[in-house]
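All of the numbers you see were taken from the coordinates with simple rules; none came from a lab. If you're wondering where the values come from, they're calculated on a predicted model, not measured in any experiment. Reconstructed Cβ throughout: ideal geometry from the backbone, glycine too, with neighbour counts over all protein chains shown.
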Amino acid sequence: MSAAGSTSAEAGGPTGPSGLLDVLNVASVVLDPTGRIVLWSPQAEELFGYPAGEALGRYAAHVMVHERHVELVVKLFSDVMATGRSWEGAFPIRRKDGSTRLVEFRNMRLVDDRGDVYALGLAADRSTVRRLERDLALSTRMVTQSPIGLAVLDTRLRYLSVNPALERINGVPAGEHLGRTVREVLPMLDFESLESAVLEVLRTGVPLVDRFAMGRTPADPDQDHAWSISLYRLEDTRDTVLGVALSVVDVTDQYRAGVEAEAARRRLALIADASARIGTSLDLERTAGELADVAVPELADIAAVDLLDAVVSGRRTSLGPSEHAVIRALAVRAADAPDALSAADPPGGIARYAPERLVTECVRTGRPVMVAQVDDEDLARIARSPEAAGLLARAGVHSYLAVPLIARGEVLGALDLKRTRNPLPFGRDDLLLARELAARAAVQIDNARWYQNARSTALTLQRSLLPSHPAVTGGLEVASRYQPAGATTEVGGDWFDVIPLEDGKTALVVGDVMGSGIDAAATMGRLRTATTTLASLDLDPAVLLEHLDKITSGLDHSIATCVYAVHDPRLGRFRIANAGHLPPARVRPGHPPELLDLPTGAPLGVGGVAFSSTDVDFAPGDQLVLYTDGLVETRKHSLDERLDALLALLDDPARPLEELCDVLLRALHHPDNHDDVALLVARGRIL
């Protein structure tokens, strides 16, 4: 509370003088019944120019008015003294210096305790009076006609005056404001912060301009309104604090427009974010998860991405009104809603959705389904079971929206959205945003599912072309692995083979067709068939590679690398030829693992380059490790580092071969590697 308001009439003491009388400079003059001046105020001295000593005892008509007005003044004086009626009006006076001035007069008769009669004259400069009257009239008009709500609060924060605009804003008549505080008149407002602001303005005198506030008033108790409030301290000419002037402007329309503009900006930002985040790979589950991640929590508190199972398998489907939808759940996300997560279909699972379920209606019709305010009956059509409906109710699901995922004219599935923490129901803008997200994501999902189908086909072809060999053949114990590349990479043309030959010999082959996809797999199959056929002729490895080189040159400019090794247990050796492939590794008990030093040779398909064969000792217990580059090559490490890592893992010659294959793949081949791996390990047997 301001100290300036501590001495007030309410406290029972005198108040400070008003500055208004000083502005008016009212002069007081008292005349006896004969018209002589008996009292002469300092203001009269200033107004008329005569000191009291020169004015007292003289006839007022001779001192105060021009001689041509004396007769009129005498008559007016007589009327006042005779009848007791006051007279007021403007009259020109003559100052001592001879100048004239128009003065407002108020004249009245006085009677003392002895019955003697006197005349009191109050006079003020008319221009000053008129100026104050104009200012007052202007202020009154401005206050009453202003569309801005205006009020004056005293130093105890009670309403002193309220204009009609504030009556309309508050929905409370002016009379019910006066003498009451803001918290008493408008209990629904955040009065504590407003009172704090008013007290601060009273204390400091620093105006507070455009303070934002929100709330409800009796004028519109069911809707929030926004106001811009300004506060100014009121002081008189003597700097006495009178209170605070308060102005209120209803800015609800501007606020709502700003909210809508901000919502539009956020929608655009979300769409831009979706464009960057959705479809970063060709993995179907990952793409669906990216869509769900974008939707939560900006658009919904719970999001699920469901596809028709037939669509995932590459088949077109259409649902009749009474048909169940066979749905594969791909992704679900929730913001602090464990019950809602428990109610959702687990990702990866396949479920039959009844015809009456809302998501079934969405994928059947290809149109959005929105329930702004969800009730128990709606939850039964949203949830997969009564138990799940109970979980959704406990999670606080109050609004629901499902939009179809449509790509290239085909309904793939639906984006399923729910709100729990966000108190607002889904509306038209949310529906437009959800449809935009679904449309963008559907194309990426469609690309991912077609790629996944094509990759699955190539992988099936690849696996069908790879051999199934016994664990023991000739003088060798053999183990092998084929590991496809990461889920977002096409299948390559890596292959291996174990070919029994005459006289207990065995041919081992590992190769890699450059390229990927079905074409690479088909080329690999043709080279494997050719290698098997040529191996039956018992050709020298170098000669066999020369034939393969000619065959590869005729396969649409295909290029492949290959290692061909023939084991002869009677001679205790491998005879090996290399066509541009990484060197095999040999492990011998009592010796460190080593990479075989072989002539590298040119890849198959280059043509015109001779190949050579090398004999390598291979005793019982020795191991030979053949592999494709997908096992050791990475973008982050040099090839030498990776080959050293391979040799470090070959530290136990007695390790079972199946276990060795698992160790090598687990340690060296990263799941996100963009190349597949063929691995073939052989150990010499004791015959």
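A few comments on the model shown:
- For a straight C-alpha distance cut-off of 26 angstrom, no lysines are reachable from LYS636 once same-chain residues fewer than eight places away are disregarded.
- Taking the number of Cβ atoms within 10 Å of each Cβ as an exposure proxy, the fewest-first ranking of MET142, MET64, MET514 is MET142, MET514, MET64.
- Of ALA174, VAL152, LEU208, farthest towards positive along the dipole that unit charges on Lys, Arg, Asp, Glu beta carbons give the range 146-250: VAL152
- Legend: calculated FRET efficiency, THR240 to VAL117, from the Cβ-Cβ distance at R0 = 41 Å, rounded to 0.05, equals 0.60.
- Ranked packing of 607-619, 209-221, 493-505, 288-300, most packed first, by mean Cβ within 10 Å: 288-300, 493-505, 607-619, 209-221
- In the range 109-238, the ratio of gyration radius to Kirkwood radius, Rg to Rh, stands at 1.17 when only Cα atoms are counted.
- Positive-pole candidate from SER161, PRO221, ALA310, dipole of the chain, charges at beta carbon: SER161
- If only the Cβ of Lys and Arg carry +1 and only the Cβ of Asp and Glu carry -1, the dipole of the range 47-136 around its Cα centre is close to 280 debye.
- The share of C-alpha pairs in the range 331-438 whose separation exceeds 18 Å stands at 47 percent.
- Extension gain (nm, one decimal) between GLU262 and HIS66, 0.36 nm per residue minus Cα-Cα: 63.1 nm
- A dipole drawn for the chain from +1 and -1 charges on Cβ atoms has a positive end, and of ALA257, ASN107, VAL80 the residue lying farthest that way is VAL80.
- The packing ranking of peptides 96-109, 242-255, highest mean first, is 242-255, 96-109, where packing means the average number of other beta carbon atoms within 10 angstrom of each residue.
- Value at 222 nm in deg cm²/dmol, rounded to 500, when DSSP H runs of n ≥ 4 in the chain each add -39,500 (n - 2.57): -11000 deg cm²/dmol
- Each residue of the range 466-684 gets 110 Å³ once the volume of the Cα convex hull is shared out per residue.
- For q = 0.07, 0.12 Å⁻¹, Debye-computed log10 I/I(0) when each Cα of the chain counts as one equal scatterer: -0.75, -1.19
- Cα-centred dipole magnitude for the chain, charges only on beta-carbon of K, R (+1) and D, E (-1), debye, nearest 20: 2080 debye
- Restricting the range 421-450 to trypsin sites (Lys or Arg not before Pro) that sit in a DSSP loop and have at most 16 other Cβ atoms within 10 Å of their own Cβ leaves ARG421.
- Working note: Cα atoms of the range 18-130, range along each principal axis, descending, whole Å: 36, 35, 27.
- Mean-position separation - Cα centroids, the range 491-533 and the range 246-306, in angstrom: 52 Å
- Each listed q (0.14, 0.19 Å⁻¹) maps to a log10 I(q)/I(0) for the range 264-455, found by the Debye formula over equal Cα scatterers with no solvent: -0.70, -1.36.
- Shape summary: the range 529-624 maps onto an equivalent ellipsoid whose semi-axes, from the alpha-carbon gyration tensor, are 26, 15, 10 Å in decreasing order.
- Packing order of peptides 565-577, 393-405, 161-173, 260-272, highest average first: 393-405, 565-577, 161-173, 260-272 (average count of other Cβ atoms within 10 Å over each peptide's residues).
- Contact order normalised by residue count of the range 18-130, Cα under 8 Å, 6+ apart, percent: 28 percent
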